[in-house]
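Quick note: the coordinates plus some simple rules give every number you see, no bench work behind them. Remember, it's a predicted structure, so these values are computed and weren't measured experimentally. Reconstructed Cβ throughout: ideal geometry from the backbone, glycine too, with neighbour counts over all protein chains shown.
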Amino acid sequence: MIEVLRRSLLAVLTLTVLWLGAAQPGAAQENARYAAIVVDAETGEVLFARHADSRRYPASLTKMMTLYLAFEALTEGRARLTDVLTVSPRAASQPPSKLGLAAGQTITLDDAMRATAVRSANDMAVVIAEHIGGSEARFTNMMTLKAEQLGMTQTRYATANGLPDPRQITSARDQAILARAVMRDFPQFYSYFGLHDWAYNGRDYRNTNGLLRAGGGYDGMKTGYTNASGYNLAASAVRDGKRLITIVLGGRSTASRNAHVAELMDTGFEVQRRRTQGEAIQVAQTFFEQRGFGVGAEALSPPIAYASLEDDAEIGGESTQVAYTAAPAPAVLPTQVAPSPSERAAARPPQSLTAALNATAGAPLNAPAPSREPARAASGGWAVQVGAFREEKVASDWLTEVNRRFRSQFASAERNVLAAGDWYRARFTGLTEIAAKTACDALAERRVTCMVIRPD
């Protein structure tokens, strides 16, 4: 009788332990592919991090960088939303998820970007890459270079769409840096990532990010899935005027990933709410850990099946074995997602990302954010030219955009568009020699083309 009772008690205890393990938020962290980070979008403060600097596969989160470079080309006048792109045989041959246009068919850049953001179309990502970079290989080099400029130390790109390549790696922290950069640099285009659906050629496409339809202030950004990466999600939400970015990599399913992101978001906003009410929460990580996040046992990293699979789809496929090794986390985790080196050099005053995104939410997607302060009185005869364009409006719009992004550099300048034959030169005038050279150096560090013009 005693033996029976002992065995019954042992069985009950075993079931209890198993139930508790499944119920704890930290259970998701037993997955070797798991990584997560929660960041205050305005300040860059890291509220929670788990394996945030370990190397992971981005899958279709890659498309955030693809679209970042497309936005950059649009603001610099190197591309237009109305550009007609021809689908190449290489683009048409990409595996699903895809839009499915045949080689030789055409699509506008605007629709290609919508397909990339909403449908996560692998073929359209390549179409964009070939249009902006001339070839996907050249474009992926541009992607990696931009990642380095933004301070994404763990990220390398080999494809424009995120389809499997063992060279293509990232980290949760790097994806948070990229998400902030998109919001900071191109608020007028951020709405692409929040499109709930998109109609094209008589068919309606729903965004792969189910949280956009769940309420709770979610307004972006991107999903991703391959065998090797697991279920990834970069998400952003606004509540009570506060914006948080949450990155989760390596989820076991779409549903569990979405639930985990929601839990992390809820906890992050609770930290913000309590701080607003006067509660001293100096280390948000501790607050998360008290609720069971980030305290699971470390898992080993076995080889991972790496296959060309449909983005964010739970389907099988042929796979190959690729060694997957997590990079060791730093001894002391940074408490802030730091601005990029170029952002620090520009010395721009802090801006409200949330306000900027809200201000442009209803604006045309091709309209740069307007300058919020007029140019001040001229102080010299030197000038900085930031481009020459065939259309006067493009030149004027680009001046406005550069002024917005580098306001501190051109506080004493006037904005002028000078006609020269069939070209319109966009210039900041009335600068001193030192001011002109300093401003051009700041722009060059952000890879914005400029030229210092001497007085006549």
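Volume per residue, Å³, of the convex hull around the alpha-carbon atoms of segment 78-208?
Considering the Cα atoms of segment 78-208, their hull volume per residue is 114 Å³.
Quick one, what does Rg over Rh come out to for segment 30-343 if you take C-alpha atoms and the Kirkwood Rh?
0.95
Around K393, what is the net charge, scoring Lys/Arg as +1 and Asp/Glu as -1 over all other residues with Cβ under 15 Å from its Cβ?
Counting the neighbours of K393, the net charge comes to -2.
Please work out the FRET efficiency for the pair T153 and R213, using the Cβ-Cβ distance as r and a Förster radius of 45 Å; give the result to the nearest 0.05.
0.85
Among 397-404, 157-164, how do they line up by average Cβ neighbours within 10 Å per residue, starting with the highest?
157-164, 397-404
First check a/c for segment 185-252, with a ≥ b ≥ c the square roots of the eigenvalues of its C-alpha gyration tensor; if it is under 1.5, answer rounded, and if not, answer prolate when a/b is larger than b/c or oblate otherwise.
oblate
Would you please put 258-269, 112-123 in order of how densely packed they are, using the mean number of other Cβ atoms within 10 angstrom per residue and starting with the highest?
Those peptides, ordered most packed to least, come out 112-123, 258-269.
Could you check the simple spin-label distance between T432 and L145, using points 7 Å along Cα→Cβ, in nm with one decimal?
The two pseudo-label positions are separated by 3.4 nm.
By its C-alpha gyration tensor, with a ≥ b ≥ c as the square roots of the eigenvalues, how is segment 370-453 shaped: rounded for a/c under 1.5, else prolate for a/b larger than b/c, else oblate?
It comes out rounded by the Cα gyration axes.
Enumerate the amide H contacts of S54 below 5 Å, restricted to partners 5 or more residues apart or on another chain; note that Pro and chain-start residues carry no placed amide H.
Here A172 satisfy the definition.
Students often check this: by mean Cβ neighbours within 10 Å, which of 139-147, 429-437 ranks highest, and how do the rest follow?
139-147, 429-437
Rounded to the nearest Å, what's the spacing between the alpha carbon centres of segment 178-224 and segment 394-419? Just the number, please.
Cα centroid of segment 178-224 versus Cα centroid of segment 394-419: 29 Å apart.
For segment 133-277, take the alpha-carbon Rg, divide it by the Kirkwood Rh, and send me Rg/Rh.
Radius of gyration over Kirkwood radius for segment 133-277 works out to 0.98.
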